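Data block below; observations after.
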Amino acid sequence: MALSIVARPVLGMRVDGWLPDRLRDAAWILDAVTALLGPAEGWDGRRAHPVTQEAAMAALEIAGRLVAGHHLLPEIFPLPDGGLQLEWHVFGAGVEIEVDGAGAPFGVATDAAGQALWERDFSVAEVSALDDLRRFVAKMAHNLESAR
């Protein structure tokens, strides 16, 4: 039996109302990634590996940097190789980051028409790549906020 696993933020809902927004967002991301560390070998009903610590640490680092300055949280999915996928989608535009089981990320940012605007492998230490992706996520957050 395949297990459907995803961590999704709920718009307008935050962890522990007394925390400053950036800490609440960090707490949500940490809780989501930690929850995905639990599934055992074969969680997909086949041969999927458990999420690795390398993937979890890289995903936490990336997500923390990409949500800085706004509150658009990602959906987080486990991957069969022990990695994690982070996704932000607003009005058809999106940023998707796949962190493989070894902790190596690959990212793509698309516009509302599905056209790739940015796509490549990068490192969690590569500030320019993280800045590029943060700008895409911040623009989506701004577009969502403007539509409210």
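The values are calculated or read from the model by the stated rules, or taken from the named source; none is laboratory data. The model shown is predicted, which means the values in this text are computed figures rather than measured ones. FYI the Cβ positions are ideal-geometry reconstructions off the backbone, even for glycines, and counts take in every protein chain you see.
For region 44-63, enumerate the residues that are more than 11 Å from the chain's Cα centre (by Cα) and buried (at least 18 other Cβ atoms within 10 Å of the Cβ).
A48, H49, V51, T52, A55
Please verify whether region 49-56 includes one or more residues that are under 24 Å from W28 (Cβ atoms) and touching a Phe, Trp or Tyr at 6+ places or on another chain (Cβ under 8 Å).
The answer is yes; a qualifying residue exists.
Among the candidates L66, L3, L30, L73, which residue alone is touching a Pro at 6+ places or on another chain (Cβ under 7 Å), closer than 22 Å to A125 by Cα and either at pLDDT below 95 or surrounded by fewer than 13 Cβ atoms within 10 Å (Cβ to Cβ) (or both)?
L73
Quick one: how many residues across region 96-137 are part of a helix (DSSP H, G or I) and under 21 Å from L84 (Cα atoms)? Walk me through it before giving the result.
As a first pass, look at region 96-137 and keep what is part of a helix (DSSP H, G or I): 127-137.
Retained after the next criterion (residues that are under 21 Å from L84 (Cα atoms)): 127, 129-134, 136-137.
Residues in region 96-137 being part of a helix (DSSP H, G or I) and under 21 Å from L84 (Cα atoms): 9 in total.
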